[in-house]
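Peer 1: Dropping the structure in here first, questions after.
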Amino acid sequence: MRWGFIGASNIAERVIPSLRKIAGQELVAVCSRSAARAQQFAEQQGLASAHTELSELLALGLDAVYISSTNEQHAAQTLAALDAGCHVLCEKPLAMSRADAAQMIDRAQTAGRVLATNHHLRASALHGQVRRMVEARTIGRVHAVQVSHAVYLPPHLQGWRLDAPGAGGGVVLDILVHDADLLRFLLQAEPRRITTVTRQQGLGQGQVEDSAMSLIEFDGGVLAQTHESFVARHAATRLHVLGTEGTLYAEGSLTQAGGGRLWLRDEQGEREIPVPTVDLYEIGCSAFVQACAGQGAPLASGVDGERSLAVALAGLASAASGRAQPID
Ligand code: NDP
């Protein structure tokens, strides 16, 4: 497939080497709002052309685009790419509103193109193992999950995430969307209600939150607690799945690194379940490439992106109102 990159972003620099591991991918061009950044990105990544106009990039006859611009641009760029006949791998959050996300999903369907959301945590071997064990009732009936996804936002990313609500800044649209998607993936259940409290703990500017805690109620009765933060230095991420017969506990899996350690605790005691470290972006891109060829589905679809966005938007509404918010 011939690929174009929309947004000369940090995450694109990480995704490109993973995409290059997949046979048959030709990485062609980048589009940025800045000519200098586009040129520099193209040179650094070995892309043949650099553009500042999306229409120029889309006129190259590409098969697929990877959209990793700031969040408020995702919807319009996705629609334009679909109209140009491209498959779209879009970063999260899929859009800034559910109406935009729904339009993106409809347009992909009409165009007969694949629309995927880059929820990379689904690619983790550890998370796949947890999902299988939950499904097999290894720990009985799951009744609760705790997610601690508190990190320290590295200085080179301390930009629009902290001061630009219009660009989709804030920890809720940045990390809660991932946690919501991961919970849906692990539990294979839909979230129905969320109660969220947000705070500024030192990095967020203006109205932008840098910390959030939520209680999410799922179909079937599972209660999930999530903590997302940009200000937690030296914190290990943690995932704790509690069942009626035992628990699964993971450390270090809620990252971009694709690793982590997993323990099962039940009446036989505690033992570690070995899980390999994997390249999350290679696995996600690979599933996307196969889906574009008509084989299988992307790890997270446009609909999955819309569902995780719905949770995050309901979380923000809950934080603003001080009340639990339904998730339709
Ligand atoms: P960046 O801040 O690196 O890039 C976002 C946009 O900002 C770029 O497309 C670029 O726009 C512009 N930009 C980049 N560098 C500079 C600079 N030095 N000066 C001015 N503008 C700059 O963001 P991220 O890569 O962290 O995030 C991009 C998207 O990817 C977001 O939607 C985010 O939510 C998502 N993301 C997903 C991850 C995942 O694992 N799934 C991980 C990280 C991010 P332009 O070139 O058009 O000017």
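Peer 1: Does segment 168-185 contain any residue that is at pLDDT below 95, within 13 Å of the ligand (Cβ to nearest atom) and assigned to a loop (DSSP other than H, G, I, E, B)? Walk me through it before giving the result.
Peer 2: Narrowing segment 168-185 to residues at pLDDT below 95: 168.
Now drop any that are not within 13 Å of the ligand (Cβ to nearest atom), which leaves 168.
The next check asks that each one be assigned to a loop (DSSP other than H, G, I, E, B); those that pass are 168.
For segment 168-185, residues at pLDDT below 95, within 13 Å of the ligand (Cβ to nearest atom) and assigned to a loop (DSSP other than H, G, I, E, B): present.
Peer 1: Further, regarding this structure: State yes or no: is residue 126 outside any strand (DSSP E or B), within 16 Å of the chain's Cα centre (by Cα) and at pLDDT 95 or above? Before you say what the answer is, go through the steps one by one.
Peer 2: Working: outside any strand (DSSP E or B): yes; within 16 Å of the chain's Cα centre (by Cα): no; at pLDDT 95 or above: yes.
The answer is no for residue 126.
Peer 1: I need every pair where a residue in segment 314-328 that is open to solvent by less than 40 Å² (accessible area, probe 1.4 Å) has its Cβ under 7 Å from the Cβ of a residue that is part of a loop (DSSP other than H, G, I, E, B), sequence separation at least 6 or different chains.
Peer 2: 314/327; 318/324
Peer 1: With the structure loaded, tell me whether residue 234 is touching a residue at least 24 places away in the same chain (Cβ under 8 Å), outside the structural domain of residue 96 (by TED's automatic domain parsing) and part of a strand (DSSP E or B) or whether it fails that test.
Peer 2: Numbers: touching a residue at least 24 places away in the same chain (Cβ under 8 Å): yes; outside the structural domain of residue 96 (by TED's automatic domain parsing): yes; part of a strand (DSSP E or B): no.
In short, no.
Peer 1: Any residue that is part of a loop (DSSP other than H, G, I, E, B) and away from the ligand (no atom under 14 Å from the Cβ) - is there at least one of those in segment 73-80? Write out each step before concluding.
Peer 2: Here is the first cut: in segment 73-80, the ones part of a loop (DSSP other than H, G, I, E, B) are none.
No - not one qualifying residue is present in segment 73-80.
Peer 1: Something else about it: What about residue 77, is it polar (S, T, N, Q), open to solvent by 30 Å² or more (accessible area, probe 1.4 Å) and touching a Cys at 6+ places or on another chain (Cβ under 9 Å)? I'd like the intermediate steps shown before the answer.
Peer 2: On the way: polar (S, T, N, Q): yes; open to solvent by 30 Å² or more (accessible area, probe 1.4 Å): no; touching a Cys at 6+ places or on another chain (Cβ under 9 Å): yes.
In short, no.
Peer 1: Restricting to segment 6-25, and then to whatever is of a type in the set (S, T, N, Q) and assigned to a loop (DSSP other than H, G, I, E, B), can you tell me which residue is surrounded by the fewest Cβ atoms within 10 Å (Cβ to Cβ)?
Peer 2: Restricting attention to segment 6-25, the residues satisfying the condition of being of a type in the set (S, T, N, Q) are 9-10, 18, 25.
With the extra rule that they be assigned to a loop (DSSP other than H, G, I, E, B), the set shrinks to 9, 25.
Details: 9: 20, 25: 18.
Restricting to residues being of a type in the set (S, T, N, Q) and assigned to a loop (DSSP other than H, G, I, E, B), the top hit is 25.
Peer 1: Checking residue 249 against (1) open to solvent by 30 Å² or more (accessible area, probe 1.4 Å); (2) over 27 Å from residue 195 (Cα atoms), which test does it fail?
Peer 2: (2)
Peer 1: So if I check each of 238, 192, which one is more than 16 Å from the ligand (Cβ to nearest atom) and under 19 Å from the mean Cα position of the chain (by Cα)?
Peer 2: Working: 192 fails: under 19 Å from the mean Cα position of the chain (by Cα).
It is 238.
Peer 1: Which of the numbered conditions does residue 250 fail, given that it passes all the others? Conditions: (1) modelled with pLDDT of 95 or more; (2) part of a loop (DSSP other than H, G, I, E, B); (3) not aromatic (Phe, Trp, Tyr).
Peer 2: Going through the list (1) modelled with pLDDT of 95 or more; (2) part of a loop (DSSP other than H, G, I, E, B); (3) not aromatic (Phe, Trp, Tyr), residue 250 breaks only (2).
Peer 1: Let me ask you something else. Name the residues in segment 151-167 that are near the ligand (Cβ under 10 Å from one of its atoms), part of a helix (DSSP H, G or I) and of a type in the set (A, V, I, L, M, F, W, C), would you?
Peer 2: Passing the criteria: 157, 160, 167.
Peer 1: Regarding residue 22, is this residue under 18 Å from the mean Cα position of the chain (by Cα), assigned by TED's automatic domain parsing to the domain that holds residue 116 and touching a residue at least 24 places away in the same chain (Cβ under 8 Å)? Break it down stepwise before answering.
Peer 2: Working: under 18 Å from the mean Cα position of the chain (by Cα): no; assigned by TED's automatic domain parsing to the domain that holds residue 116: yes; touching a residue at least 24 places away in the same chain (Cβ under 8 Å): yes.
Spelling it out, it is not the case that residue 22 is under 18 Å from the mean Cα position of the chain (by Cα), assigned by TED's automatic domain parsing to the domain that holds residue 116 and touching a residue at least 24 places away in the same chain (Cβ under 8 Å).
Peer 1: Out of all the residues in segment 82-113, which are under 23 Å from residue 312 (Cβ atoms) and among the small types (Gly, Ala, Ser)?
Peer 2: Listed by number, the residues that qualify are 95, 97, 99, 101, 102, 108.
The values are calculated or read from the model by the stated rules, or taken from the named source; none is laboratory data. The structure displayed is predicted, hence computed values, not measured ones. Every residue, glycine as well, gets a Cβ built from its backbone with ideal geometry; the counts of neighbours run over all protein chains shown. With ligands, DNA and RNA removed, areas are computed over all heavy atoms of the protein, side chains included. Shrake-Rupley method; radii C 1.70, N 1.55, O 1.52, S 1.80 Å.
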